[in-house]
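Participant: Encoded as structure tokens, here's the structure I'll be asking about.
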Amino acid sequence: MERIPILRIGTFLLVTIQVDMHDQLALTLQEDLTSMIARVSAGGVLIDISSLEIVDSFIGRTLANIASMARVLDATTVVVGMQPAVAITLVELGMSLPGIRTALNVESGMQYLRDTLADREDEDDWRDYSPQG
Amino acid sequence: MTGETTVRKAETIPIAESNDVVRVRQQVRVLALEVGFSLVDQTKVVTAASELGRNTLEHGHGGHAEISIIDNGVKRGIKMSFRDNGPGIADIALAMTDGYTSGKGMGLGLSGSKRLMNEFELTSEVGVGTTVTVARWK
Ligand SMILES: Nc1ncnc2c1ncn2[C@@H]1O[C@H](COP(=O)(O)OP(=O)(O)O)[C@@H](O)[C@H]1O
Ligand SMILES: [Mg+2]
């Protein structure tokens, strides 16, 4: 079966969407990502959509679903590289991509994930040293 | 859709599975490039094609898309018709409402496509089928 590969780098999962996805392929990606986040306890997910020439309501909803499932599994999602023409069209279509973090490129997206993870570890440290232990 | 509009080039694409919607998007892109649309306008037209093609597949249980380059003597554009012999739409005003879906969609396909295109026409009869015709001029 046709699948979009998921790359694991440390605690992060990276996906580069390089094909004009039909709906079934998008659903498969959503399932694969969700189960992989759980299996490897991923802390962050980065989805690179710079090759995508359109994002319609179905793909938009799929990205939003991935982000909200990741959140439930305690992982942060960032979508990077959306082309300006795609962003303009999405707004006119009426999609706002609620709850989705976006970044300009892979580098800034990775930085965002690292920062969020570092912040979380700080919180954990604070908890470790609190009087209740 | 106006009286003197001539069709320069037309193509009919069957829509029976989700890969066909990808094919419609790709062919619409080819025509949009030929018309000379800006990247933003190409993106709008292709996105509308994707939404309407998916409706033909999901709600209309399959059908076909007819896409063409149109010319009214002054300017050129793209016209796309999506037809199916599916269940039809009982309440068109409701179906056109932002966010309304009878299934699990976002309810933005019809209303959003209308915003993305210059012309939009929907005819539907319950039990007979649905035709959505849209056009965008350069
Ligand atoms: N070709 C069609 N045949 C029958 N019903 C349709 C068709 N296209 C749209 N509809 C109806 O209009 C509603 C709104 O369509 P749309 O705006 O594309 O939202 P969505 O597809 O996300 O439900 C659909 O839920 C469906 O009930
Ligand atoms: Mg739809």
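Participant: Just to be sure before I move on: is A:Thr28 more than 14 Å from chain B (Cβ to nearest Cβ), hydroxyl-bearing (Ser, Thr, Tyr) and either part of a loop (DSSP other than H, G, I, E, B) or on the phi < 0 side of the Ramachandran plot (or both) in the structure I sent?
Facilitator: no
Participant: While we're looking at this one, here's another question. Quick check on this structure: which one of B:Arg54, B:Arg76, B:Arg8 is within 12 Å of ligand 1 (Cβ to nearest atom) and among the charged types (D, E, K, R)?
Facilitator: Sole residue among the options that is within 12 Å of ligand 1 (Cβ to nearest atom) and among the charged types (D, E, K, R): B:Arg54.
Participant: Give A:Leu113, A:Leu104 a once-over and let me know the one that is touching a residue at least 40 places away in the same chain (Cβ under 8 Å) and under 17 Å from the mean Cα position of the chain (by Cα).
Facilitator: One residue alone meets the criteria, A:Leu113.
Participant: I need the full set of residues from the range B:104-138 which are among the polar types (S, T, N, Q) and over 16 Å from B:Ala90 (Cβ atoms), in order please.
Facilitator: B:Ser111, B:Ser113, B:Asn118, B:Thr133
Participant: Within the range B:42-60, is there a residue that is within 14 Å of chain A (Cβ to nearest Cβ), more than 22 Å from A:Val91 (Cβ to Cβ) and in contact with a strand residue (DSSP E or B) (Cβ under 7 Å, 6 or more places away or on another chain)?
Facilitator: yes
Participant: Oh, and also: Please determine, by comparing only the residues of the range A:31-62 that are without any contact (Cβ under 8 Å) to a residue 40 or more places away in the chain, charged (D, E, K, R) and more than 16 Å from ligand 2 (Cβ to nearest atom), which one is farthest from the other protein chains (Cβ to nearest Cβ).
Facilitator: Taking the candidates together, the pick is A:Arg39.
Quick grid of which residues meet (1) within 16 Å of ligand 2 (Cβ to nearest atom); (2) among the β-branched types (Val, Ile, Thr); (3) touching a His at 6+ places or on another chain (Cβ under 7 Å):
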site	(1), (2), (3)
B:Val21	yes, yes, yes
B:Val28	no, yes, no
B:Leu31	no, no, no
B:Leu39	no, no, no
B:Thr43	no, yes, no
B:Val46	yes, yes, no
B:Leu52	yes, no, no
B:Asp71	no, no, no
B:Met80	yes, no, no
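Participant: When you scan the range B:84-107, do you find a residue that is closer than 27 Å to B:Arg8 by Cα, basic (Lys, Arg) and either within 14 Å of chain A (Cβ to nearest Cβ) or within 13 Å of ligand 1 (Cβ to nearest atom) (or both), even just one?
Facilitator: The answer is no, given that none of the residues of the range B:84-107 is closer than 27 Å to B:Arg8 by Cα, basic (Lys, Arg) and either within 14 Å of chain A (Cβ to nearest Cβ) or within 13 Å of ligand 1 (Cβ to nearest atom) (or both).
Participant: Any chance the range B:29-41 includes a residue that's closer than 22 Å to A:Leu90 by Cα, more than 12 Å from chain A (Cβ to nearest Cβ) and surrounded by fewer than 19 Cβ atoms within 10 Å (Cβ to Cβ)?
Facilitator: For the range B:29-41, residues closer than 22 Å to A:Leu90 by Cα, more than 12 Å from chain A (Cβ to nearest Cβ) and surrounded by fewer than 19 Cβ atoms within 10 Å (Cβ to Cβ): present.
Participant: Limited to the range A:64-93, what total is found for residues that are within 14 Å of chain B (Cβ to nearest Cβ) and in contact with a helix residue (DSSP H, G or I) (Cβ under 9 Å, 6 or more places away or on another chain)?
Facilitator: Going through the range A:64-93 one residue at a time, the tally reaches 11.
Participant: Out of the residues in the range B:61-73 that are touching a helix residue (DSSP H, G or I) at 6+ places or on another chain (Cβ under 7 Å) and more than 13 Å from ligand 1 (Cβ to nearest atom), state the one that is farthest from the other protein chains (Cβ to nearest Cβ).
Facilitator: B:Ile69
Participant: Next question. Under 8 Å between Cβ atoms, which residue pairs at least 6 apart in sequence (or on different chains) link something in the range B:109-138 that is more than 13 Å from chain A (Cβ to nearest Cβ) and among the basic types (Lys, Arg) with a partner that is more than 9 Å from ligand 1 (Cβ to nearest atom) and not in a strand (DSSP E or B)?
Facilitator: From residues that are more than 13 Å from chain A (Cβ to nearest Cβ) and among the basic types (Lys, Arg), the pairs are B:Lys138/B:Val35; B:Lys138/B:Gly36; B:Lys138/B:Phe37; B:Lys138/B:Asp41; B:Lys138/B:Lys75.
Participant: Those residues that are among the aliphatic types (A, V, I, L, M) and near ligand 1 (Cβ under 6 Å from one of its atoms), I need them from the range B:108-138; list them, please.
Facilitator: B:Leu108, B:Leu110
Participant: Going through B:Gly60, B:Gly112 one at a time, which residue ends up being buried (at least 19 other Cβ atoms within 10 Å of the Cβ), in a loop (DSSP other than H, G, I, E, B) and not hydrophobic (A, V, I, L, M, F, W, C)?
Facilitator: Of the residues listed, the single one that is buried (at least 19 other Cβ atoms within 10 Å of the Cβ), in a loop (DSSP other than H, G, I, E, B) and not hydrophobic (A, V, I, L, M, F, W, C) is B:Gly60.
Quick note: the coordinates plus some simple rules give every number you see, no bench work behind them. This is a predicted model, so every value here is computed, not measured. With ideal geometry, Cβ positions are generated from the backbone for all residues, glycine too; neighbour counts draw on all protein chains shown.
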